[in-house]
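Trainee: Mind looking over this structure? Questions follow.
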Amino acid sequence: MKWETLKEYKEILFTFHEGIAKISINRPQVHNAFTPLTVKEMIDAMNICRDTEEIGVVILTGEGGKAFCSGGDQSVRGHGGYVGEDTVPRLNVLDLQKQIRSIPKPVVAMVAGWAIGGGHVLHVVCDLSIAAENARFGQTGPNVGSFDGGFGASYLARVVGQKKAREIWFLCDQYNAQEALDMGLVNKVVPLEQLEETTVAWCKKILEKSPLALRMLKSSFNAELDGQAGIQELAGNATLLYYLSDEAKEGKNAFLEKRKPDFSKFPKFP
Ligand code: 1HA
């Protein structure tokens, strides 16, 4: 597969192939643990994915075949967060999680090797997860002095159920790909050498579908769980659709033409 570089970064790779963008953490020496800079770069790439019309689906992954992501880089964990060059302690992965959920395009986690800690939460918040047979999943927070009580707990519980989610966090065990499939944590398991071609095949299938229908569905799934923020997303899409209508355009045109709007010609559906 030929991936074309979209933008150069220090800690991630950002590439494109036939409607699919791939954001890949490029720190295999630490199992793709993230620093504030890694996350900042992922947020920037994700913004580009949102704004670029040619991109219909986003793949999130890690380089090297041994890890998707091992969570926050513990060597830069400081007093109150993870510390980058600007010396400010940050938990900016929480912003990235929200962005993965709110980008109006499907995001697919392509997981080889470790998806652990904050790295596990990243795959959990993706719309779909495809795992290689060597994938290993788990949370480590209570072992290393951390926890993610946001999507990492509540959304995980929606995905695998309350009992299983509590087991995952309270015991900090690691689960293989088949166990993850059995508990509904991933959508499919394939041999490592077929991981990318399978993920791309799923993405291509998605790309054949109506982008507006996918957008509405994603925000509908979110709305049920995300409270007012979820309703805002779904309602924003309703506004987008309304703006496309002649009825809404009549309101804007009347204002600009300094006349009374005439909405009488528009149907009042039962
Ligand atoms: O919980 C949060 C947050 C919650 C709320 C808000 C924001 C949050 C942000 C982040 C997080 C977290 O991510 S907390 C959880 C952090 N991650 C972990 O606790 C996982 C740490 N890693 C491991 O447990 C293991 O490395 C492993 C089970 C994934 C793999 O074990 P393995 O195969 O034995 O490899 P290992 O030798 O441990 O790792 C290879 C190299 O990668 C080691 O470096 P080396 O000795 O070769 O110099 C290892 O230190 C490094 N490494 C792995 N994971 C991390 C790491 N270095 C820094 N940070 C890591 N997370």
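The values are calculated or read from the model by the stated rules, or taken from the named source; none is laboratory data. Just so it is clear, the structure is predicted and the values come from calculations on it, not from any experiment. Positions of Cβ are generated from backbone atoms using ideal geometry, with glycine treated the same way; all protein chains shown enter the neighbour counts.
Trainee: With the structure loaded, tell me whether V124 is over 24 Å from E54 (Cα atoms), touching a Leu at 6+ places or on another chain (Cβ under 6 Å) and either free of Cβ contacts under 8 Å to residues at least 60 places away in the same chain or within 14 Å of the ligand (Cβ to nearest atom) (or both) or whether it fails that test. Even if it seems obvious, please write down each step before you answer.
Mentor: On the way: over 24 Å from E54 (Cα atoms): yes; touching a Leu at 6+ places or on another chain (Cβ under 6 Å): yes; either free of Cβ contacts under 8 Å to residues at least 60 places away in the same chain or within 14 Å of the ligand (Cβ to nearest atom) (or both): yes.
It is true that V124 is over 24 Å from E54 (Cα atoms), touching a Leu at 6+ places or on another chain (Cβ under 6 Å) and either free of Cβ contacts under 8 Å to residues at least 60 places away in the same chain or within 14 Å of the ligand (Cβ to nearest atom) (or both).
Trainee: Okay, next question. Given A45, A67, which one is small (G, A, S), free of Cβ contacts under 8 Å to residues at least 60 places away in the same chain and more than 13 Å from the ligand (Cβ to nearest atom)?
Mentor: The match here is A45.
Trainee: Among the candidates T87, T61, single out the residue that is hydroxyl-bearing (S, T, Y), outside any loop (DSSP other than H, G, I, E, B) and more than 9 Å from the ligand (Cβ to nearest atom).
Mentor: Exactly one of T87, T61 is hydroxyl-bearing (S, T, Y), outside any loop (DSSP other than H, G, I, E, B) and more than 9 Å from the ligand (Cβ to nearest atom), namely T61.
Trainee: Could I ask something else about it? Tell me the residue from T15, T35 that is polar (S, T, N, Q) and within 16 Å of the ligand (Cβ to nearest atom), please.
Mentor: Working: T15 fails: within 16 Å of the ligand (Cβ to nearest atom).
Exactly one of T15, T35 is polar (S, T, N, Q) and within 16 Å of the ligand (Cβ to nearest atom), namely T35.
One line per residue, one yes/no per condition, for (1) surrounded by 13 or more Cβ atoms within 10 Å (Cβ to Cβ); (2) modelled with pLDDT of 95 or more; (3) closer than 27 Å to D51 by Cα:
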position	(1), (2), (3)
M183	yes, yes, no
V200	yes, yes, yes
K205	no, yes, yes
P211	yes, yes, yes
K218	yes, yes, yes
F221	yes, yes, yes
D246	no, yes, yes
F263	no, yes, no
P270	no, yes, no
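Trainee: Related question: Take the residues in region 133-151 that are in contact with a Leu (Cβ under 9 Å, 6 or more places away or on another chain) and among the aromatic types (F, W, Y); name whichever of them is nearest to Q99 (Cα to Cα).
Mentor: F151
Trainee: Do we have any residue at all in region 213-231 that's outside any helix (DSSP H, G or I), out of contact with any strand residue (DSSP E or B) (no Cβ under 8 Å at 6 or more places or on another chain) and in contact (Cβ under 8 Å) with a residue 24 or more places away in the chain? Talk me through it step by step, then tell me what you get.
Mentor: Kept after step one, since they are outside any helix (DSSP H, G or I), are these residues of region 213-231: 226.
Filter once more, so that each one left must be out of contact with any strand residue (DSSP E or B) (no Cβ under 8 Å at 6 or more places or on another chain): 226.
Checking the rest, the ones that are also in contact (Cβ under 8 Å) with a residue 24 or more places away in the chain come to 226.
Yes, the conditions are met somewhere in region 213-231.
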